[in-house]
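The values are calculated or read from the model by the stated rules, or taken from the named source; none is laboratory data. Just so we're clear, the structure is a prediction, and the values are computed from it rather than from any experiment. Backbone-built Cβ (ideal geometry, glycine too); neighbour counts: all protein chains shown.
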Amino acid sequence: MSIAVYTITSPLHDKQAIETYTKDFFSHLDFDFDYKGEDFSSWGHTDLDLIFVRTGGTENLFKQRYMDVLDANKSVYLLASYSSNSLAASMEILSWLRQKGIRGEILHGTHQYISSRISQLLQLEAARKSLRNTRAAIIGRPSDWLIASDADRETVQARLGFDIDYIPIEEVESQYNSLPDEVTGGNGNDYLPGANKIYKAIKAVVGEHKLNAFTIRCFDLLSSLRNTGCMALAKLNAEGIVAGCEGDAPAMLSMVIARSLTGKSGFQANPARIDVEKGEVLFAHCTIPLNMVERYELYTHFESGIGVGIRGFMKKGPVTVFKVSGDLDRFFAEEGELVENGSAPNLCRTQQLIRFKRKEATEYFLKNPIGNHHIIIQGCWKDQITELLNSQA
């Protein structure tokens, strides 16, 4: 990714000394920079713009010369060194930007810290770019029981940069009926050929509409096609297409945000059991992405007893549980540990017992939940999710 560096310098300081210090300052950072100097004409055309406040006495100069190129919707990142009152000037400039309603931050400290922070900012910018390039849809409508799980399309467009289309589920059914029957696999699950045919049908609809994210009212397929979409969603997620179930729009948004930031698939599941004293939640569902598991087994879909459901066994270790509301007004993001993969017969097929770092996190599910489905992501991502969503507010 490209990083542009702009400078602002008081004319009172020795130009040659400042240039020498600038060269030394950037030689200790772990990136290739596109050095723009004081010409801000290309501002906003790179992945990350940095302003190096090289000296004090630059506050009014910044206000007079550069305010007209700044975007109120884009954060301003000021680099401040240890010398020439760089930090003091940066603080005054940032205070003025805040008064104007412009977000910003001063990058100051050791070269190791600044390099680390630039890496984080590049990750955030990459996520924002990915979000803006998203093409998402709800195939069908949210399932009837998801009475709190729709999305505010205008807010999603304004804050995340993409729209959500609606596609009739009949398009999937039509594609399914146009495909030849699959050959029986001989793996003991007579529903697998039909499940693979549903996968091909959904993938065709995804391709036709150029989607990279969707959620589908999958329970309708139980009656119309006598099979399930679990295998299709497990495969498509593994292929990099965000694929949610039950038409749950906030769950899909959460999966899109998670993938844009982490590059990882997310597992859409709902709590089945909560132990407040231990800080543990058992999550379960039948559609875990195949690239999230070390191994998996095929069963029928839990609620209906037909079709194909996935029982996946994910590697134990750190996870993040995440959910954003459909109006993006609030979100839940907490880190924990996958301590056990379950196989109880009376729950959805993939079962994960997660122990949260903070026991108090379990109270959210009982007192102020965002719907029932939540997204499980491998690794620790709470801080990154929090920063991304707070910066999009």
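Here are some notes:
- Residues in the stretch 1-31 that are closer than 16 Å to GLU125 by Cβ and surrounded by fewer than 19 Cβ atoms within 10 Å (Cβ to Cβ): MET1, SER2, PHE31.
- Checking each residue in the stretch 281-297 for being assigned to a loop (DSSP other than H, G, I, E, B), crowded, with 18+ Cβ neighbours inside 10 Å and touching a strand residue (DSSP E or B) at 6+ places or on another chain (Cβ under 6 Å) picks out CYS286, THR287, ILE288, VAL293.
- Every listed requirement among (1) crowded, with 18+ Cβ neighbours inside 10 Å; (2) more than 16 Å from the chain's Cα centre (by Cα); (3) not in a helix (DSSP H, G or I) is met by VAL205 save one, (3).
- Residue in the stretch 118-134 that is outside any helix (DSSP H, G or I), at pLDDT 95 or above and either of a type in the set (Asp, Glu) or touching a Phe, Trp or Tyr at 6+ places or on another chain (Cβ under 6 Å) (or both) present: yes
- Hits in the stretch 315-356 (condition: surrounded by 14 or more Cβ atoms within 10 Å (Cβ to Cβ) and in a loop (DSSP other than H, G, I, E, B)): LYS316, SER325, GLY326, ASP327, LEU328, LEU347, CYS348, ARG349
- Given (1) buried (at least 18 other Cβ atoms within 10 Å of the Cβ); (2) in a loop (DSSP other than H, G, I, E, B), number of the condition GLY44 does not satisfy: (1)
- Pairing residues of the stretch 382-393 that are under 10 Å from ARG159 (Cα atoms) with residues that are of a type outside the set (Ser, Thr, Tyr), at Cβ distances under 6 Å and at least 6 apart in sequence or on separate chains, gives LEU389/PHE331; GLN392/ARG159.
- Any hit, the stretch 217-231, residues being without any contact (Cβ under 8 Å) to a residue 60 or more places away in the chain, of a type in the set (Ser, Thr, Tyr) and under 20 Å from ALA136 (Cβ atoms): no
- Residue identified as in a loop (DSSP other than H, G, I, E, B) and under 16 Å from ALA258 (Cβ atoms) among ILE385, ILE370: ILE370
- Filter pass, GLU92 being more than 29 Å from LEU160 (Cα to Cα), in contact with an Asp or Glu (Cβ under 8 Å, 6 or more places away or on another chain), of a type outside the set (Gly, Ala, Ser) and without any contact (Cβ under 8 Å) to a residue 40 or more places away in the chain: yes
- Qualifying residue in the stretch 172-186 (condition: over 22 Å from the mean Cα position of the chain (by Cα), assigned by TED's automatic domain parsing to the domain that holds ILE216, farther than 28 Å from ALA201 by Cβ and aliphatic (A, V, I, L, M)): no
- Residue match in the stretch 92-115 (condition: assigned to a helix (DSSP H, G or I), at pLDDT below 95, basic (Lys, Arg) and assigned by TED's automatic domain parsing to the domain that holds ASP68): yes
- Lone unmet requirement of (1) over 19 Å from PHE365 (Cα atoms); (2) touching a strand residue (DSSP E or B) at 6+ places or on another chain (Cβ under 8 Å); (3) in a loop (DSSP other than H, G, I, E, B) for LYS278: (1)
- In the set (1) in contact with a strand residue (DSSP E or B) (Cβ under 7 Å, 6 or more places away or on another chain); (2) outside any strand (DSSP E or B); (3) not polar (S, T, N, Q), the condition left unmet by GLY312 is number (2).
- Neighbours by Cβ (under 7 Å, 6+ apart or cross-chain): first from the stretch 18-40, touching a residue at least 24 places away in the same chain (Cβ under 8 Å) and within 16 Å of SER86 (Cβ to Cβ); second of a type outside the set (Ser, Thr, Tyr) and assigned to a loop (DSSP other than H, G, I, E, B): ILE18/ARG54; THR22/ARG54
- The residues in the stretch 191-207 that are free of Cβ contacts under 8 Å to residues at least 60 places away in the same chain and under 11 Å from VAL172 (Cβ atoms) can be counted, and the count is 8.
- VAL281 being closer than 30 Å to ILE102 by Cβ and of a type in the set (Val, Ile, Thr): no
- When LEU146 is tested against (1) assigned to a loop (DSSP other than H, G, I, E, B); (2) under 22 Å from SER325 (Cα atoms); (3) modelled with pLDDT of 90 or more, only condition (3) is not met.
- Entry remark, the stretch 71-84: residues being free of Cβ contacts under 8 Å to residues at least 40 places away in the same chain and crowded, with 18+ Cβ neighbours inside 10 Å number 3 in total.
- Exactly one residue out of LEU146, LEU121, LEU211 is outside the structural domain of ARG349 (by TED's automatic domain parsing) and either touching a residue at least 60 places away in the same chain (Cβ under 8 Å) or closer than 20 Å to SER254 by Cα (or both), and it is LEU121.
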